[in-house]
Amino acid sequence: MKVHFVTFGCKANQYDTEKFRQELEARGALVVDDVRQADTVVINTCTVTNQADVEARKAIRRARRDNPAVQIVVAGCSAALYPSDYAAMEAVVGVVRGHDPLELAALIAPQSPLLEHDEEPIGAVLLARDERGTRGWMKIQDGCDRHCSFCATRLARGASRSRLPADLVAEAIGLAQHHAEIVLTGIHIGHYGVDLNHGKQKDFSLSRLVETLIAQVPNVRFRLGSVEATEIDDHLIEILADTGRLVPHLHVPMQAGSDNVLRAMRRWHTREQYRRRVLEISERLPYLGLGADVIVGFPGESDDDHAQTRALVDELPYTYLHVFPYSVRDNTVAAALPNHIPRQIATTRSSELRELALEKGLRYRRARAGQGAEIVVEAGGFGLTEDYLRVRLLGDPNSRLGQRLFTALAIENDELVAYV
Ligand code: SF4
């Protein structure tokens with residue numbers, strides 16, 4: 001059986017595809033890079049915007065056009081929300097409403113019984129190796145208990161569910177055989193452990209998990225995926241500052257820098273709570289790769305709201321930024337809000353923030369030049385530093401692929417370089 005994968009969306013979705021791949025390979029499947037060689041195509045969908053759903057349907061038609069004999073299975077977040085729409089499409093032989101590798105295997109290779117369950121088990125199926133690159137990704141949690149008004153992800157992935165620390169330690173030990181870095185990802189990792197705690201007892205948390213992983217999984221560095229700033233506890237800051245095993249890089253969604261917009265987004269924190277937490281963290285670390293997601297042009301966003309967002313981006317020590325013009329998502333509270341912002345204004349506001357972010361990023365790279373860095377050597381002659389800087393590598397990087405090296409940074413034409 002030859003299987004080809006198409007994956008959309010976030011790191012958690014890409015991790016889920018790795019689990020799909022591993023499960024099917026364990027049942028004798030051969031993963032092929034070219035859809036024309038495949039018997040089956042698995043399309044792991046995203047639903048973060050309406051456009052993401054459109055891209056999924058396009059991918060199905062494209063696979064059919066490129067290989068008329070192929071059978072298609074649709075999985076992922078969009079499939080979880082629109083199963084019958086996908087099931088009705090030509091060549092689609094099955095729909096996995098989510099990310100359960102056993103459900104997919106039962107559809108494609110029905111050797112084992114299908115597990116009946118409400119929400120897919122977060123489960124103990126361990127990922128042995130991340131075939132996508134030199135860094136390994138580990139999904140520690142799935143789903144979300146928050147209710148941001150623009151988001152459909154939680155509708156697709158359900159309530160927050162954490163994997164057990166013992167499973168994660170076992171998986172990390174396996175991944176550390178192949179990867180110099182493991183990235184802890186999920187949908188809402190700041191809530192890791194909340195569903196495992198009972199009553200007042202707080203035995204489980206993200207910081208405790210990281211502490212356990214560092215203690216029990218040697219020879220690898222850990223990186224946090226996107227995490228909410230207001231959910232980073234003091235213990236996690238200590239680990240960031242003191243261990244050298246959790247890299248000084250944080251991606252902390254801001255979404256907006258005005259309380260008016262944060263309220264409309266149904267975010268649980270204020271501008272000041274976010275601002276203060278980010279400053280507390282960055283002041284504890286000698287240097288920090290700091291990124292954030294920002295949505296501009298959210299319904300009702302005034303010029304003054306945008307000015308407050310711009311001022312916060314200017315004040316906080318960001319080294320990069322992901323800026324998204326608001327995109328309507330059906331079936332969300334935000335879609336029904338009044339005062340949607342004209343596309344042109346949203347585009348202008350996002351270019352303004354992107355430009356500011358590029359300036360801040362360049363200033364940070366110039367400040368890091370001449371200093372030391374711990375680089376993981378990636379393919380294509382580049383490496384990634386602990387503080388999330390991409391560095392062009394001189395010398396013979398291909399002979400050091402996947403290795404973790406200490407080296408000195410230099411800057412050439414505003415680009416960081418290092419000799420390995
Ligand atoms: S925190 Fe908000 S944006 Fe993130 S997954 Fe949960 S509901 Fe969606």
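The values are calculated or read from the model by the stated rules, or taken from the named source; none is laboratory data. None of these values were measured; they are calculated from a predicted model. Counting neighbours? That spans all protein chains shown, and the Cβs are built from the backbone with ideal geometry, glycine included. Heads up: the accessible areas ignore ligands, DNA and RNA and are worked out on the full protein's heavy atoms, side chains in. Shrake-Rupley method; radii C 1.70, N 1.55, O 1.52, S 1.80 Å.
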What number, in percent, do you get for the relative contact order of segment 372-419 if the mean sequence gap of Cα pairs under 8 Å and at least 6 apart is divided by its residue count?
40
Could you put GLU412, GLU374 in order of accessible surface area, largest first, with the 1.4 Å probe and the full protein assembly present?
GLU412, GLU374
For segment 310-420, rounded, prolate or oblate, judged on the Cα gyration tensor with a ≥ b ≥ c (square roots of eigenvalues), a/c < 1.5 rounded, else prolate if a/b > b/c?
prolate
Placed amide H near ASP195: partners under 5 Å, 5+ positions off or other chain
SER162
Under a point-charge model restricted to the Cβ atoms of Lys and Arg (+1) and Asp and Glu (-1), what is the dipole moment magnitude of the chain relative to its Cα centre, in debye to the nearest 20?
440
Keeping all protein chains in position, work out how much accessible area PHE222 exposes to a 1.4 Å probe, and write it in Å² to the nearest 10.
0
Restricting the count to DSSP beta bridges whose residues both fall in the chain, what percent are antiparallel, rounded to a multiple of 5?
30
Roll a 1.4 Å probe over the protein heavy atoms and report the accessible area of HIS251 in Å², nearest 10.
20
Can you give me the solvent accessible area of TYR287 with a 1.4 Å probe, rounded to the nearest 10 Å²?
70
Among LEU316, LEU102, LEU290, whose mean-square fluctuation peaks in a Gaussian network model of the chain (Cα, cutoff 10 Å)?
LEU316
Share of antiparallel DSSP beta bridges in segment 135-368, in percent to the nearest 5?
10
I'd like the distance separating the alpha-carbon centroids of segment 286-337 and segment 209-263, in whole Å.
20
Do any trypsin sites (Lys or Arg not before Pro) in segment 323-356 lie in a DSSP loop with no more than 16 other beta carbon atoms within 10 Å, and if so, which?
none
Sort out for me the Cα centre separation of segment 60-96 from segment 176-207, rounded to whole Å.
33
Rounded to a whole number, what % of the accessible area of the chain do carbon and sulfur atoms account for, probe 1.4 Å?
51
About its Cα centre, what dipole magnitude does segment 315-395 give when the only charges are +1 on Lys and Arg Cβ and -1 on Asp and Glu Cβ, stated in debye to the nearest 20?
240
In a solvent-free Debye calculation with one equal scatterer on each Cα, what is log10 I(q)/I(0) for segment 2-108 at q = 0.13 Å⁻¹, listed in the order of the q values?
-0.38
Round to a whole angstrom and tell me the spacing of the C-alpha centers of segment 1-49 and segment 346-420.
30
Would you work out the relative contact order for segment 2-108, in percent, from Cα pairs under 8 angstrom that are 6 or more residues apart?
27
Compute the projected area of the convex hull of the Cα atoms of the chain, averaged over all viewing directions, and report it in nm² to one decimal place.
21.1
Using Cα pairs closer than 8 Å and at least 6 residues apart in sequence, work out the relative contact order for the chain, in percent.
11
Would you calculate a helix-derived [θ] at 222 nm for the chain, using -39,500 (n - 2.57) for each DSSP H run of n ≥ 4 and dividing by the full residue count, to the nearest 500?
-10500 deg cm²/dmol
Would you report the distance distribution of C-alpha pairs in segment 118-239 as whole percents per 5 angstrom bin, up to the bin with the largest distance?
2, 11, 21, 24, 20, 14, 7, 1, 0
